[in-house]
Amino acid sequence: MNSKSSSQKKRQLKKDLVLGKLPKRKVNPFLLITAAMVVAAAMSAAYFVWTAPVRPTASAPRDTNAQVVGAAQVRYPLSLFEGSQAHHFEYPHDGLTIRYFVLKSADGVVRAAFDACDVCWRSGKGYTQDGDEMVCKNCGRRFASNRINDVQGGCNPAPLNRSVEDDHLIIQAEDIVRGRSYFDFNKET
């Protein structure tokens, strides 16, 4: 009989469950409010972590082979860019650090661009190199090295004017300073 009543109880419970006749459990409002606060705090923290700009740090790549000529220009020996490795540089100006990179593309041209673009500059993340491409650290878009400094706008690395004289790459300081808006994270958008 014990087994029969047990199976009858199970059938009745299943029937009540299907028909929705089970008594509703009371929810502790304190637990509900606490759970909502934890979820809200986690979402706020995630928002601030994902949207906060990455500021350049002391460990950002720097290259000391630059020769600053007065306040007018920066000169680099072309031999520095043999191979296809991108070199990242920093130029301090009025409390900002303007970042740019230079690389010799697959077609043999030495190219320069700001370490930012028109779209993702607010993230402050810049670009990293993957083989013959520069990759945006914010959105992941990839740009062939032979298009750097030729294609502009959108998420393309913002071009930086440069010239070659004798065996040096020349970048005018005023051209570097023109890119300051990409690195002013406090300005109104």
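The values are calculated or read from the model by the stated rules, or taken from the named source; none is laboratory data. Quick caveat: nothing in here was measured; it's all calculated off a predicted structure. Here the Cβ positions follow ideal geometry from the backbone for every residue, glycine too, while neighbour counts run over all protein chains shown.
Highlighted here are the strands (runs of 3 or more DSSP E) found entirely within the stretch 1-102 that include at least 1 residues which are under 30 Å from residue 179 (Cα atoms), at pLDDT below 80 and not polar (S, T, N, Q): 67-69. For the stretch 99-141, a residue qualifies if it is among the charged types (D, E, K, R), over 22 Å from residue 186 (Cα atoms) and surrounded by 15 or more Cβ atoms within 10 Å (Cβ to Cβ), and the qualifying residues are 104, 111, 133, 141. Sub-8 Å Cβ pairs linking a first residue in the stretch 19-35 that is assigned by TED's automatic domain parsing to the domain that holds residue 9 to a second residue that is at pLDDT 70 or above and part of a loop (DSSP other than H, G, I, E, B), at least 6 apart or interchain, number zero.
The single residue among 142, 178 that is of a type in the set (D, E, K, R), without any contact (Cβ under 8 Å) to a residue 60 or more places away in the chain, more than 20 Å from residue 74 (Cα to Cα) and in the same structural domain as residue 85 (by TED's automatic domain parsing) turns out to be 142. If you go through the stretch 148-189 and pick out every residue that is touching a Ser or Thr at 6+ places or on another chain (Cβ under 8 Å), surrounded by fewer than 17 Cβ atoms within 10 Å (Cβ to Cβ) and part of a helix (DSSP H, G or I), you end up with 0. Selection of the stretch 111-125 for residues being within 13 Å of residue 159 (Cα to Cα) and assigned to a loop (DSSP other than H, G, I, E, B) yields 115, 116, 117, 118.
Using the structure shown, decide if residue 128 is polar (S, T, N, Q), in contact (Cβ under 8 Å) with a residue 60 or more places away in the chain and not in a loop (DSSP other than H, G, I, E, B).
The answer is no for residue 128.
Put simply, of 115, 175 the only residue that is within 19 Å of residue 94 (Cβ to Cβ) and in contact with a Lys or Arg (Cβ under 7 Å, 6 or more places away or on another chain) is 115. Identify, please: which residue in the stretch 137-165 is farther than 18 Å from residue 85 by Cα and either of a type in the set (A, V, I, L, M) or in contact with a helix residue (DSSP H, G or I) (Cβ under 9 Å, 6 or more places away or on another chain) (or both) and is, among those, modelled with the lowest pLDDT? Step by step, filter the stretch 137-165, then rank; the result is 151.
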